[in-house]
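What follows draws every value from the coordinates through simple rules; no lab data is involved. The structure presented is a predicted model; accordingly, all values stated were derived computationally and were not measured. Using ideal geometry, Cβ is built from the backbone for each residue, glycine included, and neighbour counts are taken over all protein chains shown.
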Amino acid sequence: MPRPLVIANWKMHGRHAGVAAFAQAAEASLRRMHTPPGFIFCPPAPYLCPAAMALPANAITRLGAQDCADRDDGASTGEISAHMLADCGASTVILGHSERRAMGESDAQVTRKAAQAIAAGLVPILCVGESAAERAAGETLTVLRTQCQALQSATHGAIVVAYEPLWAIGTGNTPQADEIARAHDAIHSVLGSDITVVYGGSVNPANIAQILAIRQVSGVLVGGASLQMASLQPIFDAAATVRT
Ligand code: PGA
């Protein structure tokens with residue numbers, strides 16, 4: 001069983017000095033561990049280069065972006081191509097996060113972005129998840145299957161899928177363990193058993209052990225609790241001890 005994956009999504013938080021210091025602190029922590037988890041740090045795009053420069057060449061920490069353009073380099077003011085992110089040290093990119101879908105991003109755009117990411121050598125971390133209303137209507141698994149089917153054409157090669165129920169993001173609420181397990185099974189049923197599926201939504205030091213104890217969960221995507229080493233460290237610790 002591979003070690004769990006911890007993905008830190010900093011969203012639109014941080015400043016240059018803090019990002020570099022955090023990257024170094026996280027890396028130092030991982031190096032102290034006997035069996036460190038996989039770790040992907042996703043700072044805002046302007047801070048990828050400083051984060052890369054703060055890390056040693058053989059770092060355990062990998063870097064990820066939070067979005068990329070749906071097209072290649074060219075006349076697209078304000079956009080950042082997947083090739084640029086790779087050039088800045090990213091090896092992965094979060095795509096289709098619900099906060100971006102809420103700004104109008106469609107499955108078709110996410111699929112184009114994933115194709116760009118793969119072409120640039122980045123592993124896409126594709127986010128799917130149901131709303132509170134869809135969950136209340138008992139539609140969670142149908143919604144997940146539909147979202148995964150829409151992304152199917154973008155999923156050749158290595159991908160990570162993040163199951164992130166919209167109602168769990170930043171709320172302190174999380175699904176029951178059996179709901180998480182069923183959601184992961186539904187994602188695997190569409191996209192294959194060999195992909196990595198992680199859970200995201202209010203992961204914190206108090207619930208990390210329970211979440212990683214779910215057999216289907218290969219890791220976690222952490223927002224708020226990843227902003228400080230004080231709350232990320234217990235998540236690293238739990239990820240390092242589970243399934244040993
Ligand atoms: P949260 O965010 O951990 O703060 O709920 C997770 C995410 O949106 O990726």
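Figures for the structure shown
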quantity	calculated
Counted charge near Gly38, where neighbours are those whose Cβ lies closer than 11 Å (Asp, Glu -1; Lys, Arg +1)	+2
Summed residue charge, Cβ within 12 Å of Ala82's Cβ, Lys/Arg positive, Asp/Glu negative	-3
Whole-Hz ³J(HN,Hα) from phi, Karplus 6.51 cos²θ - 1.76 cosθ + 1.60, for the stretch 11-22, glycine and proline x	6, 9, 10, x, 9, 2, 5, x, 5, 5, 5, 5
Footprinting exposure proxy for Cys49, Cys68 (fewest neighbouring C-beta atoms within 10 Å first)	Cys49, Cys68
Candidates per GluC sites (Glu not before Pro) in the stretch 99-178, loop by DSSP, up to 12 other Cβ within 10 Å	none
Over the chain, relative contact order from alpha-carbon pairs under 8 Å, at least 6 apart, %	21
For Gly201, residues with placed amide H under 5 Å, excluding near neighbours	Leu221, Gly223
FRET efficiency, Gln216 to Ala137 (Cβ-Cβ, R0 22 Å, nearest 0.05)	0.40
Extended-chain gain in nm, criterion 0.36 nm per residue less alpha-carbon gap, Asp72 and Ile60	1.4 nm
